[in-house]
Each structure stands twice: as structure tokens, then as C-alpha cells.
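**Student:** Dropping the structure in here first, questions after.
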Amino acid sequence: MFSNGGELYVTDGTPAGTDITNQATATFTVGSTDLIVPSNLVTIQVVELLSVSVVWQDAAAVTVSPGDSNQVLTYLLSNTGNGIDSYTLTVQNTLGGDQFNPVFVDIYLDTNGNGIFNPGADTVYNPGINDPSLAADNALTIFVRNNIPGGLIVGNLGNSQLIATSNTGSG
């Protein structure tokens, strides 16, 4: 936090619920006497900022063949807010700008934290049951599995998007 001419600015990373105390002073001269008069102390509390980022992590388009099943895409879910938050995850596969729609299978949470999909170690995501909860400035790798329809032409592209929605609120 810093002050600039009576305005308060909170820098990034100030946790929700932090108390910030401020006191103004007026300095003036009456005749030849310099006076400094302090104001009352004022305390405000930092409110929670809800902010989330989802970034696709694969280096390039994942190569698949017609009829492939359980093809994995990797995403990084980051809490860019200033408090603990949990998220509902959904997948959108009917996006424009592609030649086919992948068929959504499931979402996995990177339980062991190695950034590599391990079906025996990572946990299947169940909305409302194991929504990922992240402290401010923390992240979690998420895996989305899709099936690929048959009858596609080599070179066709299918887009898949992971969406994270805060369970705390919106706005």
C-alpha cells in the first residue's frame, strides 16, 4: 500500500481481509508558528478480489486420429485474486473456427502435482464434490479428456475450452 495525495492505492498481493490504517495530517503556518494537525485514524479492510486465469499448456495442437478416445489436453488453473477461492469447471467444445467438435469425456485434477496426466494417480473431477480450491497466487494443472469423432480428414482441427467459474461469486 502507498499513499499519494490522500488517495490510497493497494498493490497486488494484499490478502483479502487485511486491515489498512491511515491518518492524514494538515501542516500549516499561523503567523510565525508552524502547526501540524493529525486526523482521526481510519481503518479499512481489503475486500476479496475474484480473479481466475485458465491457460492452455500444450506446446502445440495435440495430434489425434479419427476415432481416437481419451485424448488429453493440459490447462493451468490459477487463482489471480487475493483470497482463497474454489472453482466449478466446465468444458466447451462447440467453438467456432474449427472443423470438428471433440466429444467431452471428463476432467482430471493433477493430484500428484507432476504436470503429467496419470490416470491411476490423478483424480476425476466431480462438480460440486471436489471443486478445486486455491489460495491466492496458487495454481493447479487440469487435464481434459475428449474423444475424437470418426470420419475426419487429416489436418482437421477441433477446439476445446476449459472454463473455470468462481464458487465465491461474480462481478
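The values are calculated or read from the model by the stated rules, or taken from the named source; none is laboratory data. Note that this is a predicted model, so its numbers are computed, not measured. Cβ atoms come from the backbone with ideal geometry, glycine included; neighbour counts cover every protein chain shown. With ligands, DNA and RNA removed, areas are computed over all heavy atoms of the protein, side chains included. Shrake-Rupley method; radii C 1.70, N 1.55, O 1.52, S 1.80 Å.
**Student:** Asn112 to Asn147: extension gain in nm, 0.36 nm per residue of separation minus the Cα-Cα distance?
**Tutor:** Separation in residues times 0.36 nm, less the Cα-Cα distance, equals 10.2 nm.
**Student:** Just report the Cα centroid separation between the range 157-171 and the range 59-109, whole Å.
**Tutor:** Cα centroid of the range 157-171 versus Cα centroid of the range 59-109: 10 Å apart.
**Student:** May I ask you to give the percent of accessible area on the range 1-131 that is carbon plus sulfur, with a probe radius of 1.4 Å?
**Tutor:** On the way: 4380 of 8130 Å².
Summing carbon and sulfur atoms, their accessible area is 54 percent of the total for the range 1-131.
**Student:** Tell me, Kirkwood radius of the range 61-169 from alpha-carbon pair distances, in Å?
**Tutor:** 14.8
**Student:** Report P(r) for the range 10-49: all Cα-Cα distances, bin width 10 Å, range 0 to the bin holding the largest distance, values in whole percent.
**Tutor:** P(r) over the range 10-49, rounded to whole percents: 25, 32, 22, 15, 6.
**Student:** Right, something else. Between Thr80 and Leu95, how many nm apart are label points set 7 Å from Cα along the C-beta direction?
**Tutor:** For Thr80 paired with Leu95, the spin-label model returns 1.6 nm.
**Student:** Spin-label point model (7 Å from Cα, Cβ direction): what's the Val52 to Asn40 distance in nm?
**Tutor:** Here the answer is 4.0 nm between the modelled labels.
**Student:** On to the next question. Strictly greater than 19 Å: what percent of every Cα pair in the range 65-118 meets that? Working shown, then result.
**Tutor:** Values: 661 of 1431 pairs.
That tail contains 46 percent of the Cα-Cα pairs.
**Student:** For the chain, report the accessible area per residue in Å² (1.4 Å probe, heavy atoms, rounded to an integer).
**Tutor:** Solvent-accessible surface per residue comes out at 59 Å².
**Student:** What is the dipole size for the chain, taken about its Cα centre, with +1 at each Lys and Arg Cβ and -1 at each Asp and Glu Cβ, in debye to the nearest 20?
**Tutor:** Using Cβ point charges on Lys, Arg, Asp and Glu, the chain gives about 240 debye.
**Student:** Highest mean first, what order results for 106-117, 21-32, 88-99 on Cβ atoms within 10 Å?
**Tutor:** The most tightly packed comes first, giving 106-117, 88-99, 21-32.
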